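Presented below is the structure to which this report refers.
Rule-based calculations on the coordinates, nothing more; no lab input. Just so we're clear, the structure is a prediction, and the values are computed from it rather than from any experiment. Here the Cβ positions follow ideal geometry from the backbone for every residue, glycine too, while neighbour counts run over all protein chains shown.
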Amino acid sequence: MEMPEGLERVLPEIVGRDMFDALVIRTDFSDDESWTAVVGELRRPWGPDGEFPARVQVVDAPDWSGATADEILAAVDEDQYLGVVFVADRHTMQSPTGGLLALSTVWEDEGDLDPVYYQEPIESPEPREFRAAPAAVHAVHVNVTLGNTGFTEFAAAASAEPDQVLRPV
């Protein structure tokens, strides 16, 4: 959805999310069959033996069609308990793995950092995104929320995969 120049798109507020519910936002509406498969995978129990119930809030509203990563991050900015948001975009719908875009909601604006003291973060900023298979979403969300594993470690694990998609461990 292209906005006229000078106008900013206002996305709907996301309400009722429990801090342990992974947030998945659909931004591509081109393939309902692929979307149904992704949602089916998201709703499956997870963990080594499938011992944990799926906790996910799915946003499936046309208002989000074509939303960019920056628009999504701005829309979820007020959720202080959200460390990662997952996006079902065109790549998700076209990919055989259904790889969702995982976006970190916490990052430094390098433009405000003093280069004398923060040269390393300026030259090598933390990763802001990576792809995750639907079956990996819950482990990423819970571990980032609890601080057990950082977003950076998950991004590194995804980048080590041949197709750059994180899968469940």
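Structure above, values below:
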{"quantity": "J(HN,Hα) series, the range 77-93, from Karplus relation 6.51 cos²θ - 1.76 cosθ + 1.60, nearest Hz, glycine and proline x", "calculated": "4, 7, 7, 5, 9, 9, x, 8, 10, 10, 10, 9, 9, 4, 4, 4, 5"}
{"quantity": "At 1.002 mPa s and 20 °C, Stokes diffusion of the range 1-108 via Kirkwood alpha-carbon radius, µm² per second", "calculated": "145"}
{"quantity": "Net charge dipole size for the range 1-97 [Lys, Arg +1 and Asp, Glu -1 on Cβ; Debye, nearest 20]", "calculated": "340"}
{"quantity": "Distance in nm between pseudo-label sites at Ala156 and Asp60 (7 Å out along the Cβ direction from Cα)", "calculated": "3.7"}
{"quantity": "Additional length obtainable on full extension of the chain from Arg90 to Val169, 0.36 nm per residue less Cα span", "calculated": "25.9 nm"}
{"quantity": "Gyration tensor (alpha-carbon) shape descriptor, the range 53-99, a/c threshold 1.5", "calculated": "oblate"}
{"quantity": "Extension gain from Ala37 to Val15, taking 0.36 nm per residue of separation minus the Cα-Cα distance", "calculated": "5.5 nm"}
{"quantity": "For Phe130, residues with placed amide H under 5 Å, excluding near neighbours", "calculated": "Ala102"}
{"quantity": "Packing rank of 131-143, 70-82, 87-99, where each peptide gets the mean count of other beta carbons within 10 Å, highest leading", "calculated": "131-143, 87-99, 70-82"}
{"quantity": "Cut-off under 5 Å, modelled amide H: who pairs with Leu23 long-range", "calculated": "Gln57, Phe86"}
